[in-house]
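Worksheet: one structure, shown below.
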Amino acid sequence: MPAPLLDVADARTRVLHAAAPLPAEEVAIDDALGRVLAEEVLAPHDVPPFRNAAMDGFAVRSGKGDRDLVVVGESRAGRPADVPVGYGEAVRISTGALVPDGADAVLQIERVDDRGERVTLLEDVAPGRNVREAGEDVRAGAHLMGPGRRLTPADLGVLVNGGRAAVRCARRPRVAVLATGDELLPPGAPLGPGQIHDSNLVTLQALARGDGAEVVLARHVPDHAGATRRALGEALEAADVVLCSGGVSVGPHDHVKPALAELGVEERFWRVALRPGKPTWFGARGRTLVFGLPGNPVSAMVTYLLFARPALAALQWAEPPAPRRAVLGERLLPHPERDECVRVRLEDGVAYATGPQGSHVLTSMALADGLAVVPRGKLALVAGDPVDLIEI
Ligand code: AMP
Ligand code: MG
């Protein structure tokens, strides 16, 4: 008697319960793109660190005074002037250069008659004009960013401005990917009768890498009890997370669950009220998580997105991604017993199914912007209804 179907939300709760955050490590800022921050970062100094010119021109004292000025020096980017600006004086200045003492404004070069040693301002200058104050971007001591943030290119720049050459990030989860099935051939191999190409090994690795994981092992496994046990044993030694596709149904050639039991992996759930993805299996050995994903290519991807992606986020100290809201563009009938993930494309925020939804139709996944969740039951969803949208 197979186990009853578990709610998707309950299944996800069990996954997150088992996903303890990985230790943090020091990461050079050059390598930190996409990594998840594991520390609180405060600005040690103002950014910009000093008052500087927003334009090329002349640093002057503001007001309605004499507009004919003597040029007493030059302040260039990285090379401040060694003189202050007095009455009747100006300092030639470049964008980003320190505004010298005495000056409180910069008049851009286009508004100045520049004769080398002397200049004439063509207009009066208001205080603060073309001056960027110290700390205008960030004040010393301000909170820059905290744990759980996946670092973007702009974040890296902000951290550099905050004086950092390295930051503490969660260690990348080590992921092992196994694809079971005697029918599977590697990419590019000519197909014989009854054979197909192994797409899951590639898509699952790509998904895991996209979610910040390091793939430490990726292997095809024949439908053979001993081979399955050996491959899973190695994967368990090497990885924080094992993604194993196929072989979790109840057929005579499905060896994954018995092998996992023999290896001491404790089952946390099997079979979810989800379409596609019903036979999904999840378990743990110590801190190592094991996902037995269904072999159908769409099911493997959908169940990865629903269960493995949140786990990888949690291992990296990040919030599991929350679904967005979208509006349906067409009527969708629910499955009576299972929540359905319908592959949809979005047009101006309105979701339309990408065509045939069979769990072997991988092109409909490639066309999709997300998965619309149609709750199980009797109630059809109609155009205009809101739906949860899981991003792909
Ligand atoms: P299984 O979950 O092993 O019963 O496989 C279900 C379906 O998915 C079968 O049609 C398999 O041929 C197919 N399948 C299993 N593994 C893969 C894979 N790695 N790549 C592509 N299709 C697969
Ligand atoms: Mg199989």
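The values are calculated or read from the model by the stated rules, or taken from the named source; none is laboratory data. Only a predicted model underlies this, so the values are computations on that prediction, with no experimental measurement involved. Backbone-built Cβ (ideal geometry, glycine too); neighbour counts: all protein chains shown. Protein only, heavy atoms only, side chains kept; ligands, DNA and RNA dropped before computing areas. Shrake-Rupley method; radii C 1.70, N 1.55, O 1.52, S 1.80 Å.
Side notes on the structure shown:
- Test result for V125, in contact (Cβ under 8 Å) with a residue 60 or more places away in the chain, farther than 17 Å from H45 by Cβ and surrounded by 13 or more Cβ atoms within 10 Å (Cβ to Cβ): yes
- Filter result for the condition that a residue is free of Cβ contacts under 8 Å to residues at least 12 places away in the same chain, farther than 22 Å from V302 by Cα and either within 16 Å of ligand 2 (Cβ to nearest atom) or outside any strand (DSSP E or B) (or both), over L191, L156: L191
- Residues in region 319-337 that are of a type outside the set (A, V, I, L, M, F, W, C), farther than 18 Å from A368 by Cβ and within 29 Å of the chain's Cα centre (by Cα): E319, P320.
- Considering residues of region 236-261 that are without any contact (Cβ under 8 Å) to a residue 24 or more places away in the chain and away from ligand 2 (no atom under 12 Å from the Cβ) only, the residue most open to solvent (accessible area, probe 1.4 Å): E237
- For region 215-227, the criterion of being in a loop (DSSP other than H, G, I, E, B) and open to solvent by less than 20 Å² (accessible area, probe 1.4 Å) is met by no residue.
- None of A43, A28, A32 is closer than 18 Å to G157 by Cβ, of a type outside the set (F, W, Y) and open to solvent by 10 Å² or more (accessible area, probe 1.4 Å) except A28.
- For region 262-272, filtered to residues that are touching a residue at least 24 places away in the same chain (Cβ under 8 Å) and part of a loop (DSSP other than H, G, I, E, B), the residue that is nearest to ligand 1 (Cβ to nearest atom) is R271.
- Only listed residue being away from ligand 1 (no atom under 16 Å from the Cβ), touching a residue at least 12 places away in the same chain (Cβ under 8 Å) and open to solvent by less than 10 Å² (accessible area, probe 1.4 Å), chosen from A351, A300, A308: A351
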